[in-house]
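Below is one structure, written out as structure tokens; the observations come after it.
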Amino acid sequence: MDIKVDKVSKSMGEVHILDHIDIAVHKHEFVVILGPSGCGKSTLFNIIAGLLLPDEGRILLDGKDYTGQTGRIGYMQQKDLLLPSRTILDNVCIPLVLKGMPQHKARQKAFSYLPDFGLEGFAAYYPRQLSGGMRQRAALLRTYLFASDILLLDEPFVALDAISRRKMQLWLRELRSHYPCTILFVTHDIDEALMLADRIYLFSARPAKVRLEIKTASAPHDVHKETILHLLEEET
Amino acid sequence: MKRSPHTADKLAPWIAILVFLLIWEGGVRITQTPDWLLPPPSQVLMALGTNASMLFKHTIVTVEEALLGLGLSTLIALMTAYLMDQVLWFRQAFYPLIIFSQTIPLLILAVLFTIWFGFGMLPKILVVILVCFFPVVISLMNGLDGVDPDQIKLFRSMGATSTAIFTMVKLPAAMPSFFSGLRISATYSLMAAVIAEWMGAEKGLGYFMTLMQKGYRIDQVLASVLIICLISFLLVKCIDLLEYLLLPWNRKEDTQYNWG
């Protein structure tokens, strides 16, 4: 499954947020959108997820127009948004249940994924009993069970402390080798972007535009980091 | 062995009550206050014993009215909250009216209901419903409105219907708030039933109290008050227990349910 964001523009009232954004994410690719906070990354994600309509442009999934349609792409936000009233297992089951799978089947299916997502033995725990990192892993599993082929991750690790964040990044990279899927990931952390991405789109501040596209494998990370920092300096 | 501070904390209110009762008992005896003005607590307890069967008969009626009213008002509150959450014009039309309804003086209503519906149970239950409905519906609405909009957005992105969002996200999230409203209503329910009976009835604790008060049997009146307090307290504890059982996810870490 691949994603194509085709010349998407969006204004909210007077504010011009997105300016002709063109992005492509190929099958099983890990693409990171890197940009300053408040540059409209989340707005773009809402548009891709179908929660918002763009003023101009289209969202294509596998070449089909999905503009303004929800229910196709898994979307994970900064907050874990686990329901406090449900156990971890019942939380990650939610997308399956919403799709009409009977509860016991959904539980069975979700349960088999718990070990790989570092949640083995925590099925019956409530979210408040878990650490931030574990809750984010549960949120990621819920997203994965919703649609395993495309994941939109909106700064998923930003609320974690530095050590947990590092662990989560390593874990996510490891996870990808077992579960190949297309990932579009937003962050404002340059190191995180370079560590995780196959390809990076560098966004400018409002209105958001694609300033630069980087293939991380094309050069050592330090070189890319230099380029990015240089560009950001120019901007200010 | 040293007593833990925890037990001391628990004993404190009991000691306070005991001291209060002793002062009352002593004061009444020393000043030789007549019984028709203020009987000592020991006599109130005696009244409770000598008149037990009579008190029991009237208590059953009042409790029945209070519980029926509380139950019905909770049911109506749940339905109203659901409609107000799902249908915008319904909320716009009725939310201000619900708040306005609280400005109507309860006593007048109790009198009017007695005129309209007679001396039976119906007017009492109606008064209880009117009193108990408000705290429940308001706390429920607060709980429903307090849900993180991002949570709802997430469920929408997963293709959830608005009914699914209500039952899976909003209603569970509103439950702790709902129970605090229910607790307030529970304490009001018995009082509301008594007031309604006071305005005209053939049985019930309120009726019994008006009779006793006319005969200057203050000990009997206070015995009834004691019963009302105890049952109200019991009712609140029952709701605490219900919350503890129904919302296991909302329990405080490592606490057992306690009756204290």
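For the range A:206-236, filtering for residues that are open to solvent by 50 Å² or more (accessible area, probe 1.4 Å) and hydrophobic (A, V, I, L, M, F, W, C) leaves 5. Just so you know, in the range A:123-144 the residues that are within 14 Å of another protein chain (Cβ to nearest Cβ), touching a Leu at 6+ places or on another chain (Cβ under 8 Å) and open to solvent by 30 Å² or more (accessible area, probe 1.4 Å) include one that is nearest to A:GLY74 (Cα to Cα), and it is A:ARG135. Anything in the range B:77-104 that is open to solvent by less than 30 Å² (accessible area, probe 1.4 Å) and polar (S, T, N, Q)? List them, or say none. Result: B:THR80, single match. Only residues that are open to solvent by 80 Å² or more (accessible area, probe 1.4 Å) and within 20 Å of the chain's Cα centre (by Cα) were counted in the range B:105-150, giving 3.
Residues in the range B:99-151 that are polar (S, T, N, Q), away from every other protein chain (no Cβ under 14 Å) and assigned to a helix (DSSP H, G or I): B:SER101, B:THR114, B:SER139, B:ASN142. Of all the residues in the range A:41-100, those that are at pLDDT below 90, of a type in the set (S, T, N, Q) and within 23 Å of B:PHE166 (Cβ to Cβ) number 4. In the range A:204-236, of all residues being charged (D, E, K, R) and assigned to a helix (DSSP H, G or I), the one that is farthest from A:LYS41 (Cα to Cα) corresponds to A:ASP222. Residues of the range A:171-193 that are in a helix (DSSP H, G or I) and open to solvent by less than 80 Å² (accessible area, probe 1.4 Å): A:TRP171, A:LEU172, A:LEU175, A:ARG176, A:ILE190, A:GLU192, A:ALA193.
Does at least one position in the range B:167-178 carry a residue that is closer than 20 Å to B:LEU72 by Cβ and either open to solvent by less than 10 Å² (accessible area, probe 1.4 Å) or more than 14 Å from every other protein chain (Cβ to nearest Cβ) (or both)?
First pass over the range B:167-178, keeping only residues closer than 20 Å to B:LEU72 by Cβ: B:171, B:174-175, B:178.
With the extra rule that they be either open to solvent by less than 10 Å² (accessible area, probe 1.4 Å) or more than 14 Å from every other protein chain (Cβ to nearest Cβ) (or both), the set shrinks to B:174.
Looking through the range B:167-178, at least one residue is closer than 20 Å to B:LEU72 by Cβ and either open to solvent by less than 10 Å² (accessible area, probe 1.4 Å) or more than 14 Å from every other protein chain (Cβ to nearest Cβ) (or both).
Scanning the range A:67-105 for residues that are facing chain B (nearest Cβ under 8 Å), open to solvent by 30 Å² or more (accessible area, probe 1.4 Å) and either at positive phi or of a type in the set (Gly, Ala, Ser) (or both) yields a total of 1.
Here are some residues: B:ILE184, B:ILE227. Which one is open to solvent by less than 40 Å² (accessible area, probe 1.4 Å), away from chain A (no Cβ under 12 Å) and assigned to a helix (DSSP H, G or I)?
B:ILE227
If B:SER157 passes every condition in (1) within 11 Å of chain A (Cβ to nearest Cβ); (2) within 31 Å of the chain's Cα centre (by Cα); (3) surrounded by 22 or more Cβ atoms within 10 Å (Cβ to Cβ); (4) not aromatic (Phe, Trp, Tyr) but one, which one does it miss? Unmet condition: (2).
Residues are listed down the side, and each one gets a yes or a no for (1) part of a helix (DSSP H, G or I); (2) open to solvent by 80 Å² or more (accessible area, probe 1.4 Å):
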| residue | (1), (2) |
| --- | --- |
| B:ARG29 | yes, yes |
| B:LEU38 | no, no |
| B:GLY49 | yes, no |
| B:PHE56 | yes, yes |
| B:LEU75 | yes, yes |
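Could you check how many residues of the range A:37-66 are away from chain B (no Cβ under 14 Å) and surrounded by fewer than 17 Cβ atoms within 10 Å (Cβ to Cβ)? Residues that pass the stated criteria total 10.
Of everything in the range A:106-122 that is assigned to a loop (DSSP other than H, G, I, E, B) and not charged (D, E, K, R), the residue that is nearest to the other protein chains (Cβ to nearest Cβ) is A:PHE122. Within the range A:82-102, not a single residue is in a loop (DSSP other than H, G, I, E, B), among the hydroxyl-bearing types (Ser, Thr, Tyr) and under 18 Å from A:LEU151 (Cα atoms). When you look at A:TYR66, is it touching a helix residue (DSSP H, G or I) at 6+ places or on another chain (Cβ under 8 Å) and over 17 Å from B:ILE152 (Cα atoms), yes or no? Spelling it out, it is not the case that A:TYR66 is touching a helix residue (DSSP H, G or I) at 6+ places or on another chain (Cβ under 8 Å) and over 17 Å from B:ILE152 (Cα atoms).
The values are calculated or read from the model by the stated rules, or taken from the named source; none is laboratory data. On a predicted model such as this, the values are computed, not experimentally measured, just so you know. Heads up, the Cβs are rebuilt from the backbone with ideal geometry, glycines too, and the neighbour counts pull from every protein chain shown. Ligands, DNA and RNA are excluded from the accessible area calculation, which covers all protein heavy atoms including side chains. Shrake-Rupley method; radii C 1.70, N 1.55, O 1.52, S 1.80 Å.
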